[in-house]
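Colleague: I'd like to ask you about the structure that follows.
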Amino acid sequence: MRKEIRATISALGGYVPSTILTNEFLSTIVDTSDEWIRQRTGIEERRIANAEDEATSDLAASAIQNLLDTYQVNPNEIDAVILATATPDHLLAPASSLVCKKSGLTNAFGFDLNGACSGFLFGLTTGASLIESGRYRKVIVVGADKMSSIVDYKDRNSCILFGDGAGAVLLEPTTDDYGVMNSVLKTDGAGTDALLVPAGGSRFPATHETVQNRAHYIKQNGALVFKNAVESMANASGEALDLNDLDAEEIDWVIPHQANKRIIQAVSERLNIPFDKVKINIEKYGNTTSATVPLVLWDFAKDFKPGQNLLITTFGAGFSWGATCLKWGQLVAKKEEVEYALPDSATI
């Protein structure tokens, strides 16, 4: 009897820009404080890409390069690249085409996927489906966003939240009991107005008025987003556990979208999963949208052991949300046992 093919994560990469944007600096340009930001969000600092030299494709390509530099992976064997992003370099052409070129993935096809803060989860499920079909053997899913390009640094409610970064995983087939399990994915367009960039698309193309009205920046109803995020992530996580015949006690690690520490704590309480099982790096990076989940996986990869159950859950604009369970598998061999060093940083 033929064994079921599943998609397992076999390698990881990550990248964050060198410039650190601190709470203290933000307090000099908007009416806020380090204490207020920490208490309300859990964020201490965030990374900001170079305005001219680093676009989303550069962040994504750097994360993939980190993966290729770290693990024994042949770039010529990569079949596909799924780029989850809400901030592509251009409306046309797809940023994924630039990522493939910059990463030297000459035999891969690529496409962009915009699920906002749920983009990586949607991309992970899509990539897993490609592997499970048996037609593809190596698929890279990369989440990358340059949120600083759409953040209004005159709006204290949004500028404190977001940062830039990218994370990537390689999916490969396995017939062992590892890999991506069944997922619960949801969207509800009724929440669109609560979190969006109003102008720049086909409904409101760029005009002098849209620029003057600062309509190309993020606008959000924070209270409504907070409420829906807690409820949606908790409910989707419960459904994913049921779908995969798992109890909360069987989850070793929770990998949540890093939007707000209070949201993460509330979801943990609703699931009755101890907070010490929840992985968080929001204090270092803020909300990097599509990049939050893969950056958490990258940051804490040494803590995950083969056979452990991970619960991934997200919520974002759209509204988009979901959850999946993942049984951690064996990573491919590293090229050499060296620690990845973050780029030299400059604090502002």
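Colleague: Which ones in segment 48-78 are more than 14 Å from Lys101 (Cα to Cα) and of a type in the set (Ser, Thr, Tyr)?
Modeller: Thr70, Tyr71
Colleague: Out of Ala63, Ala86, Ala144, which single residue is under 15 Å from the mean Cα position of the chain (by Cα), buried (at least 19 other Cβ atoms within 10 Å of the Cβ) and part of a loop (DSSP other than H, G, I, E, B)? Even if it seems obvious, please write down each step before you answer.
Modeller: Numbers: Ala63 fails: part of a loop (DSSP other than H, G, I, E, B); Ala144 fails: part of a loop (DSSP other than H, G, I, E, B).
None of the others qualify; the one that does is Ala86.
Colleague: So if I check each of Asp58, Asp112, which one is closer than 28 Å to Gly318 by Cβ and in a helix (DSSP H, G or I)?
Modeller: Asp58
Colleague: Name the residues in segment 126-139 that are of a type outside the set (A, V, I, L, M, F, W, C) and within 20 Å of Pro94 (Cα to Cα), would you? Before you say what the answer is, go through the steps one by one.
Modeller: Let us first name the residues in segment 126-139 that are of a type outside the set (A, V, I, L, M, F, W, C), namely 126-127, 129, 132-138.
Result: Thr126, Gly127.
Colleague: Which of (1) of a type in the set (Val, Ile, Thr); (2) farther than 20 Å from Gly318 by Cβ; (3) buried (at least 21 other Cβ atoms within 10 Å of the Cβ) is the odd one out, the single condition Thr175 does not satisfy?
Modeller: (3)
Colleague: Just for segment 1-29: of the residues that are aliphatic (A, V, I, L, M) and open to solvent by 20 Å² or more (accessible area, probe 1.4 Å), which one is nearest to Lys146 (Cα to Cα)?
Modeller: Ile29
Colleague: Can I ask one more? Considering every residue within segment 154-169, establish whether at least one is part of a loop (DSSP other than H, G, I, E, B), modelled with pLDDT under 95 and of a type in the set (A, V, I, L, M, F, W, C).
Modeller: no
Colleague: Does Lys186 fit the bill of being crowded, with 24+ Cβ neighbours inside 10 Å, at pLDDT 95 or above, among the charged types (D, E, K, R) and in contact with a strand residue (DSSP E or B) (Cβ under 8 Å, 6 or more places away or on another chain)?
Modeller: no
Colleague: Among the listed residues Ile280, Ile264, identify the single one that is crowded, with 22+ Cβ neighbours inside 10 Å, among the β-branched types (Val, Ile, Thr) and within 18 Å of the chain's Cα centre (by Cα).
Modeller: Ile264
Colleague: Then there's this: Do we find a residue being acidic (Asp, Glu) and under 26 Å from Trp298 (Cα atoms) anywhere in segment 190-201?
Modeller: To start, the set of residues in segment 190-201 that are acidic (Asp, Glu) comprises 193.
Filter once more, keeping what is under 26 Å from Trp298 (Cα atoms): none.
No: segment 190-201 contains no residue that is acidic (Asp, Glu) and under 26 Å from Trp298 (Cα atoms).
Colleague: Restricting attention to segment 90-106, which residues are outside any helix (DSSP H, G or I) and either in contact with a Phe, Trp or Tyr (Cβ under 7 Å, 6 or more places away or on another chain) or under 16 Å from Leu67 (Cβ atoms) (or both)?
Modeller: Passing the criteria: Pro94, Gly104, Leu105.
The values are calculated or read from the model by the stated rules, or taken from the named source; none is laboratory data. Every value quoted in this text rests on a predicted model; they were computed, and no experiment measured them. As a convention, Cβ positions derive from the backbone with ideal geometry for all residues, glycine included, and neighbour counts pool all protein chains shown. Ligands, DNA and RNA are stripped out before the accessible areas are found, and what is left, the full protein with its side chains, is counted by its heavy atoms. Shrake-Rupley method; radii C 1.70, N 1.55, O 1.52, S 1.80 Å.
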